[in-house]
Amino acid sequence: MSKKVAVVAAAVTKFGFRNASYRDLISEAGQACLSSLEGALKPGDIDGFILSTVMPERTVFQGHVASLAEETLGIRPDRLSVRVEHMCASGNVALRTAYSAIVSGLAEVVMVLGVEKLNTPVPGETILNMGAGLDREWESSMGMTAPPVFALIAQYHMDQYGTTEEDLARVAVKNHTHSMNNPNAHFQKGATLEKVLTSRVISTPFKLLDCSPVSDGAAAIIVTSEERAKDFTAKPVYLLGTGQAVESFTLANLPDNLSHWPALVKAGKAAYNMAGIQPQDVDLAEVHDCFSIAELLAYEGLGWCDQGESAAFLKEGRSDYGGNVVVNPRGGLLACGHPLGATGVAQIAEIFWQLRDEAGLRQVKDAQIGLTHNNSGPGEHTVNIFGIEN
């Protein structure tokens, strides 16, 4: 990377069924992010603002949302104001957008705020809204929504590699255990293998706890140039590498091997190459476990194990504390929740705190390199890699 970009502040709201409006969530995350700098940065110092959000037009009947958020927070950006929407990957794509703006000189101090108010008074409407993120004309309107799409992928992996329902459930057990140390998580009670396996069936082989919940929430970070970073904090966290790849939008155009995701491999390699590291150098990662199978495929696609070996990688504890790479220490999407536009920003916030040794009971010992990953469906992936100065 020719020019470094740093994260200097972060904040995350409580995720879950929130008795808070869309505007309330924006205010909560944005104000907490600014307050964390203890006066070193004021709203007027922010010259760029990026709002990561997916479907406010459907869930809260509000458009023109970037300007709404800026006015809510007292921010008057004079160099960049934009909304980013890329379904589930919106937050990590928003960071890439901030990086582009800063290295080009378009902006210097940028707040990236992710927010989603997904839950509606009628649960069926919430599910209908979520179908808008897939091919509405040819797939989701015919029942191919996210759970059955990823269920087919899981079935393929089970058939090809002998992966079992217990293997899938172990992902949920690990992440629900991690979320017990995250006060902002949607779920904080943990889960046993028996509890996961006996939860109700959603789409075979997935049980309820194999699936991420529908959550409300917000998260915010402040990103700036290397030159300005030390004005705000003595411990900036730098974006070392970034990658994104899109191979397919529809299920019909996925590769014949449903459990091999070329876009994830490409995005990961691009990020590793830019950062100048190898997969084994990553200490912790926030990966997109929208369904339990997705985390297993992330192990394979990001190079931590060979294809078909992810279940063993997990069972041997290699993706947990004391293993090769600690995956989803805040609980992942499965336990922490998945408020679409806020998810990637919250992942970045977790890496920020972990690399600064500020994650409390979740802290990964001696963490130096962190990774965030989102998919926007099996054929679209975004990866960002972060590090600190030694």
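Couple of notes before you dig in:
- Qualifying position, being more than 27 Å from E389 (Cα to Cα) and modelled with pLDDT of 95 or more, among V8, V82, V93: V82
- Number of the condition not met by D167 [criteria: (1) crowded, with 21+ Cβ neighbours inside 10 Å; (2) charged (D, E, K, R); (3) at pLDDT below 95]: (3)
- Some residue of the range 140-147 being touching a residue at least 12 places away in the same chain (Cβ under 8 Å) and in a loop (DSSP other than H, G, I, E, B): yes
- Within the range 57-98, the set of residues being in a loop (DSSP other than H, G, I, E, B) and basic (K, R) comprises R76, R79.
- Qualifying residue in the range 303-318 (condition: within 18 Å of the chain's Cα centre (by Cα), within 23 Å of Y161 (Cβ to Cβ), of a type outside the set (V, I, T) and assigned to a helix (DSSP H, G or I)): no
- The residues of the range 99-126 that are farther than 17 Å from E57 by Cβ, outside any loop (DSSP other than H, G, I, E, B) and touching a Ser or Thr at 6+ places or on another chain (Cβ under 9 Å), listed by number, are Y99, I102, V103, V109, V110, V112, L113.
- Hits in the range 275-289 - residues which are over 26 Å from S212 (Cα atoms) and part of a loop (DSSP other than H, G, I, E, B): G276, I277, Q278
- Lone unmet requirement of (1) in a helix (DSSP H, G or I); (2) touching a strand residue (DSSP E or B) at 6+ places or on another chain (Cβ under 9 Å); (3) over 23 Å from F17 (Cα atoms) for V364: (1)
- Residues of the range 10-69 that are at positive phi and surrounded by fewer than 18 Cβ atoms within 10 Å (Cβ to Cβ): E38, G39, F61, H64.
- Among the residues of this structure, T177 does not count as one that is β-branched (V, I, T), in contact with a strand residue (DSSP E or B) (Cβ under 8 Å, 6 or more places away or on another chain) and not in a strand (DSSP E or B).
- Residue in the range 261-274 that is part of a loop (DSSP other than H, G, I, E, B) and touching a Cys at 6+ places or on another chain (Cβ under 6 Å) present: no
- Considering E116, E137, E125, the condition of being surrounded by fewer than 20 Cβ atoms within 10 Å (Cβ to Cβ) and at pLDDT 90 or above is satisfied by E137 alone.
- The set of residues from the range 269-311 being closer than 25 Å to S90 by Cα, among the polar types (S, T, N, Q) and surrounded by 24 or more Cβ atoms within 10 Å (Cβ to Cβ) comprises just one member, S292.
- Inclusion of I222 among residues that are on the phi < 0 side of the Ramachandran plot, in a strand (DSSP E or B), touching a Leu at 6+ places or on another chain (Cβ under 7 Å) and crowded, with 24+ Cβ neighbours inside 10 Å is warranted.
- Among the conditions (1) over 27 Å from L134 (Cα atoms); (2) touching a residue at least 40 places away in the same chain (Cβ under 8 Å); (3) outside any strand (DSSP E or B), the only one that V54 does not satisfy is (1).
- Subset tally (residues that are in contact with a Pro (Cβ under 8 Å, 6 or more places away or on another chain) and either touching a residue at least 60 places away in the same chain (Cβ under 8 Å) or of a type in the set (D, E) (or both)) for the range 231-261: 7
- For the range 312-333, a tally of residues being without any contact (Cβ under 8 Å) to a residue 40 or more places away in the chain and surrounded by 20 or more Cβ atoms within 10 Å (Cβ to Cβ) returns 1.
- Out of T164, T126, sole residue that is touching a strand residue (DSSP E or B) at 6+ places or on another chain (Cβ under 6 Å) and more than 21 Å from A252 (Cβ to Cβ): T126
The values are calculated or read from the model by the stated rules, or taken from the named source; none is laboratory data. This one's a predicted model, so the numbers in the text were calculated from it and none came from an experiment. Positions of Cβ are backbone-derived with ideal geometry, glycine not excepted, and every protein chain shown enters the neighbour counts.
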